[in-house]
Amino acid sequence: MAEAEAALARWRERAKANEWDGLLKVAEGYPRIVPSDSVPGLKPGFVVVLGACEPSAAPKVLETIKAFEAEAYAHNVTWAQPLACPQLGPTWRVLQSKSWKKKEGTLTAVVLERLEKEDLPDSSFEQSVRVTLRAPDGRHLGSDERSGHPTGAVYTGETGFRASLDAAGPTVTYLIYESGCGTQPDIIESRVNYRVENEKLVPEVSRKFIQDRSSHCDE
């Protein structure tokens, strides 16, 4: 019971940090601690139940949850209570996720894509990356979120956005178009890397010119 209570407290702490905002919503009264002997099909002990879904709905919900919590799992059971399946969306869906084990804890990055809506123009296409740091005991230590449009529009100042999850960690890159001299814009690459320092998540931002047209200003 003590372990289940600690797990439930961690979930609530992460929910307050908006870790699943716009992506996943559990039903009222969930998550909850359930004695395993009250649900045929569960292992002995106590479990934190996030919801109960029809078998056909469970895989997609589990995929979304596991992007943030690798230890989550689904199990076929005999459920006597009303179904309470977590709702996906309404704003985002998961594209990719990855975790890195650090000395101070676990760093997790999840790349999201805005759900398509027929009444929105193409320019509304948007992605986001949520980066979180959790201590070895599961405590929330910090988070950061960056978003943008993957296809930036040159000459309008709109930025190009790209998130990469490689072996070294998550990286967010923007291509920024700024008015330069004449008809051609300056193109600046802004990159965000993440490091962990004193149990804190530290975003590091660097900038460099891809095309610098300042030398032509006097021409």
Item to check | Three-way shape label, segment 2-88, alpha-carbon gyration tensor, a/c 1.5 | outcome: oblate
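Please give the length that would be gained between L62 and A80 if that part of the chain were fully extended, namely 0.36 nm times their separation in residues minus their C-alpha to C-alpha distance (nm, one decimal). Spell out each step's value before the answer.
Working: separation 18, 0.36 × 18 = 6.48 nm, distance 2.07 nm.
Taking L62 through A80 to full extension adds about 4.4 nm, to one decimal.
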Checklist outcome for this item: Residue separation between I210 and R139 times 0.36 nm, minus their alpha-carbon distance, gives in nm 21.6 nm
Checklist entry - If you plug each phi of segment 7-18 into the Karplus form 6.51 cos²θ - 1.76 cosθ + 1.60 with θ = phi - 60°, what whole-Hz ³J(HN,Hα) values come out, in order, with x for Gly and Pro? => result 5, 5, 5, 5, 4, 5, 5, 6, 5, 5, 7, 6
Checklist outcome for this item: In whole Hz, the Karplus estimates of ³J(HN,Hα) for segment 172-177 (6.51, -1.76, 1.60; θ = phi - 60°; x where Gly or Pro) are 10, 10, 10, 9, 10, 9
Next on the checklist: Taking R0 as 25 Å, what FRET efficiency do you get between A6 and E28 from their Cβ-Cβ distance, rounded to the nearest 0.05?
Outcome noted: 0.65
Checklist entry - Ranking S38, S99, S190 by Cβ neighbours within 10 Å, fewest first, what do you get? => result S38, S190, S99
Checklist entry - What is the set of long-range amide H partners of L141 at a cut-off below 5 Å, with H atoms built 1.01 Å from backbone N? => result L133, R134, A135
Checklist outcome for this item: Sorted by chain and then number, the residues having a modelled amide H within less than 5 Å of the amide H of Q96, at least 5 places away or on another chain, are V111
Checklist entry - What's the FRET efficiency of E197 with A70 using the Cβ-Cβ distance as r and R₀ = 22 Å, to the nearest 0.05? => result 0.35
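No lab work stands behind these numbers, since they all come straight from the coordinates. Keep in mind that this is a model prediction, so the values were computed, not measured. Counting neighbours? That spans all protein chains shown, and the Cβs are built from the backbone with ideal geometry, glycine included.
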